[in-house]
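Each value in this text was obtained by applying a stated rule to the coordinates, not by laboratory testing. All of these numbers come straight from a predicted model, not from anything done at the bench. Cβ placement follows ideal geometry from the backbone for every residue including glycine, while neighbour counts extend to all protein chains displayed.
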Amino acid sequence: MNISSSVEIAAKYIQEGKLVAFPTETVYGLGANAFNPLAVAKIFELKERPSFDPLIVHIAEIHQLEKLVLSADERVYKLAEKFWPGPLTMVLPKSDIVPDIVTSGLPTVGIRMPGNEISLELIRKSNCPIAAPSANKFGRISPTTAAHVKKQLPNVDYILEGGKTTVGIESTIIKLTDNGFQILRSGIITQDELETIIPVDRNSIIEKLSAPGMLKSHYSPRKKLLIADNDKLKIDKSMAGLISFSGKLENDYLKVIRVSERKDLKDYAVNMFDAMHTFEDDSEIEIIIAEPVCETGIGKAIMDRLRKAEFNWRQV
Ligand code: AMP
Ligand code: MG
């Protein structure tokens, strides 16, 4: 089936209050009509997502923003002009039209315009904004292919195939304050890039759990994952798979996935979750080791994901 007919079918599912997994440029999303609370409730149920974890609302046209928010000053439009469509989510005061279940009762809503033609077409054809978290079970590895979605959510109503995602990690989430912006979740759009438009707010404190993406454990494989930044790391490499970036640590590992031949951090972001899925599915691998990178720019977003993937396993 060609893409445009599968988008038509997917849009019908959305209009009927069903769930559609669809590609964005970041990861696959699990979408429902953002104005239909019963449909949105199914997302929480299928993902086994706690109700305190709000969803991002996806739009295809800038005019859709106005309905969703109480107010948007010129900074919002400047950021949208520079970064949308793209992997930036803005958290803004919500209007009454946004059901509370979407925002987990918060007075704010996270909004973004995805930089992927299939998702934009799906939103347009569905004729509504689409609320969507990542299309994985809560806390598990994010999906960057349709196969990853099938593995974790085999019962989703419809999966829109769109190949491998091109960014590979979730959007940068920011909250606007009186003094500028705060990053609630890092992504490939970095603080430096955002600061070309508005200043970072170094003074306000981020409210605890104002973004559940800040939970300590997330993105977690079913197999033990450790970051190779610990000198005391004593493991049997003959049963281990290495997610390699520099090529320097590769000796003695049973299997190695090199995430970037050209040693570009963007490739690490694109291939990181896919590498975790591959080792998770490989019966010969008992433990996954991930190479750390310098925590600046995109490296910050990568280390954020790796630390959360590792968190529960560090205690074991
Ligand atoms: P996911 O798409 O699964 O990565 O999850 C969406 C994430 O967006 C949530 O876990 C929150 O961190 C963040 N988010 C969505 N809406 C809001 C909001 N109103 N305020 C703060 N964070 C939000
Ligand atoms: Mg997620």
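So, in Å, what gap is there between the alpha-carbon centers of region 248-286 and region 34-107? Cα centroid of region 248-286 versus Cα centroid of region 34-107: 33 Å apart.
The long axis of helix 298-314 is offset from the longest Cα principal axis of the chain by roughly 70 degrees.
Seen against the Cα atoms of the chain and their longest principal axis, helix 74-83 is set at about 50 degrees. Here's the picture: charge each Lys and Arg Cβ at +1 and each Asp and Glu Cβ at -1 in the chain, and of SER238, PRO87, THR278 the one pushed furthest to the positive end of that dipole is SER238. Between the helical axis of 265-281 and the longest alpha-carbon principal axis of the chain there is an angle of about 70 degrees. When +1 charges are put on Lys and Arg Cβ atoms and -1 charges on Asp and Glu Cβ atoms, the dipole computed for the chain relative to its Cα centre reaches about 560 debye. Comparing VAL69, HIS58, LEU30 along the charge dipole axis of the chain, the residue lying farthest to the positive side is LEU30, per the Cβ-charge model. From its DSSP helices (H runs of at least four residues, each -39,500 (n - 2.57)), the chain gives a residue-normalised ellipticity at 222 nm of -9500 deg cm²/dmol. With a ≥ b ≥ c taken as the square roots of the eigenvalues of the C-alpha gyration tensor of region 3-137, please select rounded if a/c is under 1.5 and otherwise prolate if a/b is larger than b/c or oblate if it is not? It comes out oblate by the Cα gyration axes.
Counting only DSSP beta bridges with both residues in the chain, the antiparallel share comes to about 45 percent.
The value of relative contact order for the chain, using C-alpha pairs under 8 Å at least six residues apart, is 19 percent. Label point of ARG75 set 7 angstrom out along Cα-Cβ; within region 135-174, amide nitrogens under 18 Å from it belong to 172-174.
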